[in-house]
Amino acid sequence: MALMTPEQFEESLKKLKPRVFMNGKRVTSVLENKNTRTVVEANKASYAWALDPKYRDIMSCYSPLIGEVVNRYTHVSASVDDLVKKAEAGTFTAEMLGTCIYRCVGYDAFHALASTTWEMDRDLGTGYHPRFLEYLKMVQRQDLSAAGALTEPRGERNKKTLEWPDPYLSLKMVDKNKDGIVVRGAKINISGAYASHELVVLPQGAHFEGEEEYAVAFATPVDAKGITFVCQYTPYSAEREQAEDLEELGNPVYGQRETSMVVFDNVFVPWERVFHCGEYKYSGKIVARFARTHRMTCGGTCKVGFMNQIIGASRLIQEYKGLEKAAHINEQLAEMVVLRETSRACGLEAARRGTEEPPGSGVFLPDELMGNVAKLNVCNAFWRMMALAGDIGGGLIVTLPSLKELKNPEVKDYVEEFYSFGSDEPTENIMKVTKLLQNWTAGLHGVGTWHGAGPVQTQKIMLQRVISYDHEKKLVKRTLKLKEKGKKSEPED
Ligand SMILES: Cc1cc2nc3c(=O)[nH]c(=O)nc-3n(C[C@H](O)[C@H](O)[C@H](O)COP(=O)(O)OP(=O)(O)OC[C@H]3O[C@@H](n4cnc5c(N)ncnc54)[C@H](O)[C@@H]3O)c2cc1C
């Protein structure tokens, strides 16, 4: 069975030496730094679940590619059932972690590559698909975690790639020889990459004639020479860094959604890891297919898991405050459930309407229309969810003192008494749940949810491309028995 234990995963990370910086300092061990550790913990959980009889149906599956059971996050969907399971895994991992499962973007990148390398080989006679499958087999056999990297620094958005004064604002191939390629540039906002084994790199967008050197996709170990990670740093990072006791943080073990800028300073990639090189007409397809899978989960079902955390915390606070009979709060909670279920339905429907893309490739992708609808819906639903939880939680969400005061002999009794709502619930519980709501409503998740998987305008543009109104027009013509254009007679039924 090609599945690592959580302990083996941790050991495997020790063998890697990624070059990581955070808050102006070198992170010598991503396993020990309190912030990067959260990513290790989240990925580690995915190894435990795949082996756990309770969860293995959702977190693992049989791979015909290597004839063994693999982690779901290394499997390329070959059926609608696979897609539905992945949509459900998105919810499961998000609600268990309260943050990203950092293997998700890599999984989506695998789908984009499996589908488009097949198509490039068919159309152009290239040999990318078998090369990609060999790579994927290695990933599956070794049960590797892969991060996915598309987003680039970019120059002024009203200019094209070749017009930017700095040619490396989009990742560029700077050399190509018999052994492989060399790339220079950066990817930004990349989730959890430094605590993964592999980085799967795709173009950020479509490319055009003259931009062949930007039309590249490849995979690299995270500690390849020339790669540097510059981590995000937020008030939440500072809080975790300074915390003596992690228990007092909103999400003690798994923390926030952690990203970094990944710099590629003349990184060499051997040919066996290059899956797209110069065929600019296919860059857009790679990105669009990535977005199809990514929007189903990152845009859709994983936010259902986040919403479950918010709903649970809001309900507990309602009970702690003795507000079970407050009609408006019950209405707010019900609205949250409606938002959650609408989000779930859109994500699952994207999976259920999934198709083989391109036909004959054996790769299944979620439905484009529903994936974009799912993400668009979640963007707005999540802000609303945050607002509702903010109302129920009250001002304490942002005014609560540290849980350390519960151990401070000078004020301990005051804090115990005055934050207890006069209930017999331990004050510590009330404070922890309130801190969790702070994490969800006053932290990074609103903007993170909006921009992760692309800001709404990208979904709107995609929707304009895929929506067809033919069916609706036909219905009206049928209802009204409209005459055909240029004809006097009534249309045939
Ligand atoms: C928590 C989090 C995790 C992420 N994880 C990953 C990851 O693992 N891998 C990865 O590749 N990416 C990741 N991303 C990146 C994410 O996909 C991008 O943030 C998103 O695509 C938006 O890009 P941007 O942040 O550069 O914003 P921008 O593109 O600058 O968007 C800001 C605004 O400018 C508008 N805009 C941008 N360009 C144009 C244009 N040409 N014309 C008109 N309007 C324009 C947008 O519509 C938006 O309104 C992550 C992001 C977040 C927040």
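The values are calculated or read from the model by the stated rules, or taken from the named source; none is laboratory data. Keep in mind that what you see is a predicted model, and the values were worked out from it rather than measured. Cβ atoms come from the backbone with ideal geometry, glycine included; neighbour counts cover every protein chain shown.
Taken over region 60-84, the criterion of being part of a helix (DSSP H, G or I), closer than 17 Å to MET296 by Cβ and out of contact with any His (no Cβ under 9 Å at 6 or more places or on another chain) is satisfied by ARG72, TYR73, VAL80, ASP81, LEU83, VAL84. Test ALA224 against the criterion of being touching a strand residue (DSSP E or B) at 6+ places or on another chain (Cβ under 6 Å) and assigned to a loop (DSSP other than H, G, I, E, B), and give yes or no. Yes. Only strands (runs of 3 or more DSSP E) whose full extent lies in region 142-213 are considered here, and the ones with at least 3 residues that are over 23 Å from ARG37 (Cβ atoms) and not β-branched (Val, Ile, Thr) are 172-176, 180-191. Just one of the listed residues (LYS404, LYS483) is in a helix (DSSP H, G or I) and either away from the ligand (no atom under 16 Å from the Cβ) or in contact with a helix residue (DSSP H, G or I) (Cβ under 6 Å, 6 or more places away or on another chain) (or both), namely LYS404.
Set side by side, the residues LEU124, LEU136, LEU171, LEU144 differ, and just one is of a type in the set (A, V, I, L, M), closer than 21 Å to VAL201 by Cβ and over 24 Å from the mean Cα position of the chain (by Cα), which is LEU124.
HIS294 meets all of the listed conditions (1) more than 22 Å from VAL139 (Cβ to Cβ); (2) crowded, with 18+ Cβ neighbours inside 10 Å but one, namely (1).
Scanning region 242-273 for residues that are under 24 Å from GLY24 (Cα atoms) and part of a helix (DSSP H, G or I) returns GLN242, LEU246. Candidates in region 119-141 are the residues that are loosely packed, with under 13 Cβ neighbours inside 10 Å and assigned to a loop (DSSP other than H, G, I, E, B); of these, the one that is farthest from the ligand (Cβ to nearest atom) is GLY125.
The condition (being without any contact (Cβ under 8 Å) to a residue 12 or more places away in the chain, more than 16 Å from the ligand (Cβ to nearest atom) and touching a helix residue (DSSP H, G or I) at 6+ places or on another chain (Cβ under 6 Å)) is satisfied by just one residue among VAL411, VAL433, VAL415: VAL411.
With respect to (1) modelled with pLDDT of 95 or more; (2) within 30 Å of GLN232 (Cα to Cα); (3) not aromatic (Phe, Trp, Tyr), the lone exception for VAL411 is condition (2). Out of curiosity, is SER468 away from the ligand (no atom under 16 Å from the Cβ) and within 36 Å of the chain's Cα centre (by Cα)? Yes, satisfied. Give the residue that is farthest from the chain's Cα centre (by Cα), with candidates limited to residues of region 53-71 that are exposed (fewer than 15 other Cβ atoms within 10 Å of the Cβ) and not acidic (Asp, Glu). If we take residues in region 53-71 being exposed (fewer than 15 other Cβ atoms within 10 Å of the Cβ) and not acidic (Asp, Glu), then GLY67 is farthest from the chain's Cα centre (by Cα).
Between VAL411, VAL433, VAL456, the distinction of being in contact with a Cys (Cβ under 9 Å, 6 or more places away or on another chain) and under 30 Å from GLY255 (Cα atoms) belongs to VAL456 only.
Of all residues in region 450-465, those satisfying the criterion of being within 8 Å of the ligand (Cβ to nearest atom) and either within 30 Å of ASP391 (Cα to Cα) or among the aliphatic types (A, V, I, L, M) (or both) are TRP450, HIS451, GLY452, ALA453, GLY454, PRO455, VAL456, GLN457.
On inspection, ALA389 does not qualify as more than 16 Å from the ligand (Cβ to nearest atom), outside any loop (DSSP other than H, G, I, E, B), within 19 Å of the chain's Cα centre (by Cα) and over 29 Å from ALA206 (Cα atoms).
Might you check whether a residue that is free of Cβ contacts under 8 Å to residues at least 24 places away in the same chain and either over 22 Å from ALA387 (Cβ atoms) or within 19 Å of the chain's Cα centre (by Cα) (or both) occurs anywhere in region 326-347? Yes, there is a match, as at least one residue in region 326-347 is free of Cβ contacts under 8 Å to residues at least 24 places away in the same chain and either over 22 Å from ALA387 (Cβ atoms) or within 19 Å of the chain's Cα centre (by Cα) (or both).
Touching a strand residue (DSSP E or B) at 6+ places or on another chain (Cβ under 9 Å), assigned to a helix (DSSP H, G or I), crowded, with 16+ Cβ neighbours inside 10 Å and touching a residue at least 24 places away in the same chain (Cβ under 8 Å), is that true of GLY371? Yes; evaluated as a whole, the condition is true for this residue. Scan region 93-105 residue by residue and report those that are within 16 Å of the ligand (Cβ to nearest atom), part of a helix (DSSP H, G or I) and either out of contact with any Leu (no Cβ under 9 Å at 6 or more places or on another chain) or under 16 Å from ASP82 (Cβ atoms) (or both). Of everything in region 93-105, those that are within 16 Å of the ligand (Cβ to nearest atom), part of a helix (DSSP H, G or I) and either out of contact with any Leu (no Cβ under 9 Å at 6 or more places or on another chain) or under 16 Å from ASP82 (Cβ atoms) (or both) turn out to be THR93, ALA94, LEU97, CYS104.
Quick one: would you say ALA50 is buried (at least 16 other Cβ atoms within 10 Å of the Cβ) and part of a helix (DSSP H, G or I)? Here the answer is yes, as ALA50 does meet what is asked.
I want to confirm something. Restricting to region 206-223 and keeping residues that are buried (at least 18 other Cβ atoms within 10 Å of the Cβ) and either modelled with pLDDT under 95 or not β-branched (Val, Ile, Thr) (or both), which single residue is farthest from the ligand (Cβ to nearest atom)? Selected residue: GLU213.
The residues of region 179-205 that are of a type in the set (D, E, K, R) and within 10 Å of the ligand (Cβ to nearest atom) amount to a single one, LYS187. In region 444-458, the residues that are free of Cβ contacts under 8 Å to residues at least 24 places away in the same chain never reach a residue that is within 7 Å of the ligand (Cβ to nearest atom) and of a type in the set (Lys, Arg) with C-beta atoms less than 6 angstrom apart, at least six apart or across chains.
Of all the listed residues (LYS160, LYS176), the sole one being within 15 Å of the ligand (Cβ to nearest atom) and closer than 14 Å to GLU212 by Cα is LYS160.
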